[in-house]
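Report on one structure; see the data block that follows.
The values are calculated or read from the model by the stated rules, or taken from the named source; none is laboratory data. Model, not experiment: these values are computed from the prediction. Please note: Cβ atoms are built from the backbone with ideal geometry, for glycine as well, and neighbour counts cover all protein chains shown.
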Amino acid sequence: MQKEKIAYQRFTLIAPALNKTHGYTTNAEYFRNISTLPVTCPVTGRKKIYSARTYIYWLHRYNLFGMDGLLPGDRKDQGLFRALTPEIQARIDEILKKYPRIPNTQIRKRLKEEGMCDDSLSQSTIDRYIRASHHEKKIPLIHEGKDRKAFEFEYSNECWQADTTFLQEINDRPVCLMLIIDDASRMIVGYGFFHNDNAENFLTVFKSAVSTHGVPKKLYMDNGAPYANHQLEMISADLGTQIAHTPVRDGAAKGKIERLNRTVKQAWLSQTDWMSFECLEDVENSFRLYLYPEYINKPHSSLVDDHGKMLTPRERFCQDSKLIRLLPLEKVDEIFTIRYERKVRTDSTVQINKIKYEVPSELMNEKVQVYMEPTDHEKAWVQDPFTKKRIPIRQVNKVENSRAPRKQRMKYPSASSQNGRT
C-alpha cells in the first residue's frame, strides 16, 4: 500500500508530460520547471527535490511497464540499522541479557541516560532491531470471556482499586506488593511490601492511604481473604466507604490496577537486581526511587485535560482537592483498630491470637470489646461495657505479676463463733 501511494504520486507528476497538458514547449522544459519545487512524500511526510533527469526516467519507466514501473524498489540497506552504532547494538544486547523482560521503551531511556543516544534515535528503530536480532514474536491475544466496557470515575477518591501482586523471594520467603490506586487519576495512594498477603497488612496500607489522601467513597477489590473480612467491613463502615468486590475468579474486572501491576513488573522489577536485596526495607527504598519520577510525577497517556495536555497522576488527583475528605489523624487512629469480642476470665485477662492481656478486675466475667492496632499488638484497649470508655490494656507479664501485691479479702469471724469462745 505504501509503495502504491508513492507510485501514484509519481504518476501525477509525470501525467502532464504523458498527456501533453503542461503548457510548455517540451517535456524537458516542464520537468526543469518542476524540479525546483519540493515534493512531499505521502508516506513519511518528508520533502524532497527531484532532478529533471529523475522525472524523465519515471516517464520512461511508465511507458515500458505502466504503474509497476513507478513502484519504488527495496532499499539496499534493508535489514541494516544505520542509526544504531555497533556500540549501541552491543549495549542493547547486554541490557536484554541481564533484564530479559525489560520493555523496549526502558531500553531507549537507559541509552539516553548513559549518553549513548539522543532524541533523534527513534523508538521504532530500537523495536525493529530487537525484533530482528532477538526474534521477538508478538502473539495476538484471543479474547475469551465476558463482554467488558471501559469505565472511569469522574472525580478523585470516588473509587479506589486494591490488589496484591507477588514478586520474588528474600531469604526463601515470598515478597508481595499491596497497592491501592485511585480510579480517576491513576494515583498510587497506598502501597506496602510484605511477606504475607493477609488482612492486617492490607489494613496497614489502607490506613496510610486514608491518612495521606483522604477517604474514598468506594473500595473495589477481589474476593481474597485480605479484602473480604469482617474487620475491613467495620472500618469501612465507620469511614463511610462502600466495599465492592469483583466477580469470583475475574481479576480482569479491575483492569486499571492489573495494568499497574504489569507496569511495575516491567518498568521497575525487570530492571532490578533482586539478589542485592536483603530485607523488605531494601525493596521499598528501590521502589520509591522508581515510583515518584517514573510514575506519580510522569505524564500519563490516559490523563488528558481539555486542552489536550497529558497530566501526571499527581496533577490529576490534585485537580479535585476541594472534593477530598481528610480526617484528623486521631480519628483515623481510632477508626483503624481491629475489634474483638471477648469474655474477661476469672484471672482478669482476655486472650487474642494466643496472647493474654490484663484487664481491670472490675470487668471480670463481663463481655467486652477489645480494640487493637493492626501492626502494633502492644497498643490495645478494652471498652467498658457500662461507661463505653476505652481503657488501655497491656500484655500479661507473669514475672512482674509474681512480685506485685494482691488485694486480700479479709474474713471476719461471725457472731456465733465469737460467742462460742471460752
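For the range 344-393, give me each residue that is basic (Lys, Arg), under 26 Å from Asn201 (Cβ atoms) and either more than 44 Å from the chain's Cα centre (by Cα) or modelled with pLDDT under 90 (or both). Selection gives Lys354, Lys379, Arg390.
The condition (being out of contact with any Leu (no Cβ under 7 Å at 6 or more places or on another chain), modelled with pLDDT under 90 and of a type in the set (A, V, I, L, M, F, W, C)) is satisfied by just one residue among Ala252, Ala209, Ala228: Ala252. When the range 273-285 is filtered for residues that are farther than 14 Å from Gly192 by Cβ and either assigned to a helix (DSSP H, G or I) or within 19 Å of the chain's Cα centre (by Cα) (or both), the ones remaining, listed by number, are Trp274, Met275, Ser276, Asp282. In the range 336-352, of all residues being among the hydrophobic types (A, V, I, L, M, F, W, C) and crowded, with 17+ Cβ neighbours inside 10 Å, the one that is farthest from Trp160 (Cα to Cα) corresponds to Val344. Annotation: of all residues in the range 269-321 being over 30 Å from Tyr155 (Cα atoms) and among the aromatic types (Phe, Trp, Tyr), the one that is surrounded by the most Cβ atoms within 10 Å (Cβ to Cβ) is Phe277. Scanning the range 353-377 for residues being surrounded by fewer than 16 Cβ atoms within 10 Å (Cβ to Cβ), within 17 Å of Asn397 (Cα to Cα) and not charged (D, E, K, R) gives a total of 5.
Checking each residue in the range 113-130 for being surrounded by 13 or more Cβ atoms within 10 Å (Cβ to Cβ) and within 27 Å of the chain's Cα centre (by Cα) picks out Ile126, Asp127, Ile130.
On the stretch given as the range 59-75, residues that are within 55 Å of the chain's Cα centre (by Cα) and either in contact (Cβ under 8 Å) with a residue 12 or more places away in the chain or loosely packed, with under 13 Cβ neighbours inside 10 Å (or both) total 8. Criterion applied to Leu177, Leu167 was being at pLDDT 95 or above and assigned to a strand (DSSP E or B), and the one residue passing it is Leu177. Applying the criterion of at least 2 residues that are closer than 21 Å to Asp333 by Cβ to the helices (runs of 4 or more DSSP H) found wholly in the range 184-272 leaves 199-213, 230-239.
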